[in-house]
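Asks: Supplied in structure tokens, the structure appears directly below.
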Amino acid sequence: MIIIVDFGSQTAHLIGRRLRQLGVTSEYIEPEHALETIKGKKPNGIILSGGPDYVDREGAPRVEKELFELGIPVLGICYGWQLMSYLLGGDGKITNKEFGPETVTVSSTSSLFANLPHTFTAIVSHGYTVTKLPPGFTNLASTDRVEFTGAVNDEKKLYGVQFHPEAQHTEIGMEFLENFAKTICNETLSPIELNPQAIIKEIKDTVGNKKVIMAISGGVDSSVAAFLIGKTIGKNLIPVYVESGFMREETSKRIHHMFTDVIQSNIVIIEAQERFLKALKGIIEPEEKRKIIGKLYIDIFQEVAQKHTDVAFLGQGTIYSDVIESKGSKHASHIKSHHNVGGLPKDLPFTLLEPIRGYYKDEVKKLGSLAGLSDEIVNQQPWPGPGYAINIRGEVTQERLSQVKLADTIVVEEMKQAGLYDTVYECWALMTGAYSTAVKGDERAFAEVVGIRSINSIDVMTAEWTKIPYDVLARMSSRIINEVPNVSRVVYDITTKPPATMRWE
């Protein structure tokens, strides 16, 4: 087993996921009691995760220095490496910040980088940097901005890296972690396959003969969760689709097909466009918007539940990326409140049932396929629960909602026409909230700027922008300017995650 000390990084949970893919058992612990726990469990290795804090800041989470004297191999990642250096006599400061992909150059041999290329692209995200190595450490790797991107104390089996090997877009991440787990920690690799039947059994044991009211958005996550619940409890599942006005047009057709032909459950459809627009009137703060949307969904579910007897559970398609961005662990930073996490009231009258909460997007898709869901449902482009509301930067009005729907439809149509729609993870249009001057019909106009975003991702924790051909972007821009009223120009977002999140809100 490898122990992961969780300092709150957005990708800390990915470390365990990658180890699980390799077939290595892992366990998360908090830093406050790490030494005592590790002494009791005697793992083969220890990984110190990244985190949002600075190691020299008062109150920053730390482990005891004695942890590095146990004779157990330790790998520090980002904050974990900075903390190791700090506690063992190294130095660092807030300098040479790096966010996003960087080229790492390996300058010295080590079992940690055995059989790996000497240069590779890795995801980095840090404001604090190790500037002086602790005694006994030698440098292994660097980037253009940071000298000590990788370091080792071979005698004590202590390793530190500034990049994130757990991130999907780090080119050699899995091979790097395999080197640490297999070569350094002597772990036996025995990969475990995803098993939807185990989830179905867990649902059955939890729910019994009681009823579940299920939030359905039409997206991948809620569809897979509903399918697993529906296969388990049949007509005791009460799927509820709230037509908020924020979903793409094809959503209702997909919903009807899934619950009429696939699951054969009586779906409840609630028309609530006016309620959502009224609730969001005058609201411009993204966090407040998300929480209002989440609360209204719950209010509507409660109204529906009152018409049914023995409703004990609220089913949701929450996945792990929703949880961690909503401050899912003790030392994590709060990025944004997902409506199905941060928007839930404290006095919820149901027990939450979230069968895929511990999985990432790619795992959820695979679980759906293994359970028998069609490719049409599993491989659709994802769409957030708040939908168009968070593709509108600022206040959601009927006019701006109509604008973003039309612009988004144009983006989707042009991507499909070019044969690109199925090659990207997700693409969409957004109202940026920025205004600029334009000339239309020889007259001055001062109107809103429309943004286009298209990304590729596996697990939603990292993403890269897609290289849409210029001629396709040109057609999108021309159509949006001419067909969407009160728009001045079109821009294309070319920011990776990190530092950006998927959406602007």
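A short reminder: the numbers here are calculations on the coordinates, not readings from a lab. Only a predicted model underlies this, so the values are computations on that prediction, with no experimental measurement involved. Glycine gets a Cβ as well: all are built from the backbone with ideal geometry, and neighbour counts include every protein chain shown.
Asks: Which of GLY317, HIS126, ASN139 sits farthest toward the positive end of the charge dipole of the chain, with +1 on the Cβ of Lys and Arg and -1 on the Cβ of Asp and Glu?
Replies: Going by the Cα projections, it comes out as GLY317.
Asks: Just how large is the dipole of region 2-184 about the Cα centre, in debye to the nearest 20, putting +1 at every Lys and Arg Cβ and -1 at every Asp and Glu Cβ?
Replies: 240
Asks: Say the cut-off is 24 Å between C-alpha atoms; which of LYS42/LYS132; LYS97/LYS157; LYS253/LYS281; LYS253/LYS365; LYS42/LYS366; LYS211/LYS295 go over it?
Replies: In this structure, LYS42/LYS132; LYS97/LYS157; LYS253/LYS281; LYS42/LYS366 lie more than 24 Å apart at Cα.
Asks: Which shape class, rounded, prolate or oblate, goes with region 27-120 when its Cα gyration tensor gives a ≥ b ≥ c as root eigenvalues, a/c under 1.5 marks rounded, and past that a/b bigger than b/c marks prolate?
Replies: Because a/c hits 1.5 or more and a/b fails to exceed b/c, region 27-120 counts as oblate.
Asks: Considering the zone a paramagnetic label at ALA434 would reach in this model (a point 7 Å from Cα along the Cα-to-Cβ line), which residues of region 487-502 have amide N under 19 Å from it?
Replies: Answer for this model: 487-497, 499-502.
Asks: Also, I was wondering about something else. Tell me the Kirkwood radius of region 2-184: reciprocal of the mean inverse pair distance over distinct alpha-carbon atoms, in Å.
Replies: 15.9
Asks: Could you compute the FRET efficiency for GLU155 and LYS97, with r as their C-beta to C-beta distance and R0 at 30 Å, rounded to 0.05?
Replies: The pair GLU155/LYS97 has a calculated efficiency of 0.40.
Asks: Assuming R0 = 56 Å, can you tell me the calculated FRET efficiency for the pair GLU483 and GLN302, based on Cβ-Cβ distance, to the nearest 0.05?
Replies: Using R0 = 56 Å, I get an efficiency of 0.90.
Asks: Can you tell me the alpha carbon radius of gyration of region 1-52 divided by the globular rule-of-thumb value 2.2 N^0.38 Å?
Replies: Region 1-52 yields a ratio of 1.06.
Asks: Rg to Rh for region 409-497: what is it, with Cα atoms only and Rh by Kirkwood?
Replies: Taking Rg over the Kirkwood Rh, I get 1.01.
Asks: Grab the Cα-Cα distance for LEU70 and LYS278, subtract it from 0.36 nm times how many residues apart they are, and report the gain in nm with one decimal.
Replies: 68.9 nm
Asks: If you don't mind, there's one more thing I want to ask. Would you kindly compute the Cα radius of gyration of the chain and its largest Cα-Cα separation (Dmax), both in Å?
Replies: Computed over the Cα atoms of the chain, radius of gyration and Dmax are 24.4, 77 Å.
Asks: Helices from the chain with mean Kyte-Doolittle at least -1.0 and a Cα length along the axis of 27 Å or more, per DSSP H: which?
Replies: 286-305, 398-417
Asks: Quick check on the exposure proxy: order VAL439, VAL146, VAL472 from fewest to most C-beta atoms within 10 angstrom.
Replies: VAL439, VAL472, VAL146
Asks: In addition: Can you tell me the alpha carbon radius of gyration of region 196-378 divided by the globular rule-of-thumb value 2.2 N^0.38 Å?
Replies: That works out to 0.99 for region 196-378.
Asks: OK, next. For LYS253 and ASP144 in the same chain, what is the full-extension length gain: residue separation times 0.36 nm, less their Cα-Cα distance, in nm?
Replies: Computed gain between LYS253 and ASP144 is 34.1 nm.
Asks: Separate question: Starting from the Cα-Cα distance between SER108 and ILE458, subtract it from 0.36 nm times their residue separation and give me the gain in nm to one decimal.
Replies: Stretched fully, the SER108-ILE458 segment lengthens by 122.9 nm.
Asks: Now for a separate question. Answer with one residue from GLY219, ILE2, ILE455: the one whose Cα lies farthest towards the positive end of the charge dipole of the chain, charges on Cβ with Lys, Arg +1 and Asp, Glu -1.
Replies: Of the candidates, GLY219 comes out farthest on the positive side.
Asks: Using per-residue counts of other Cβ atoms within 10 Å, averaged over each peptide, order 75-84, 419-428, 197-206 from highest down.
Replies: Ranked by mean Cβ neighbours within 10 Å, highest first: 75-84, 419-428, 197-206.
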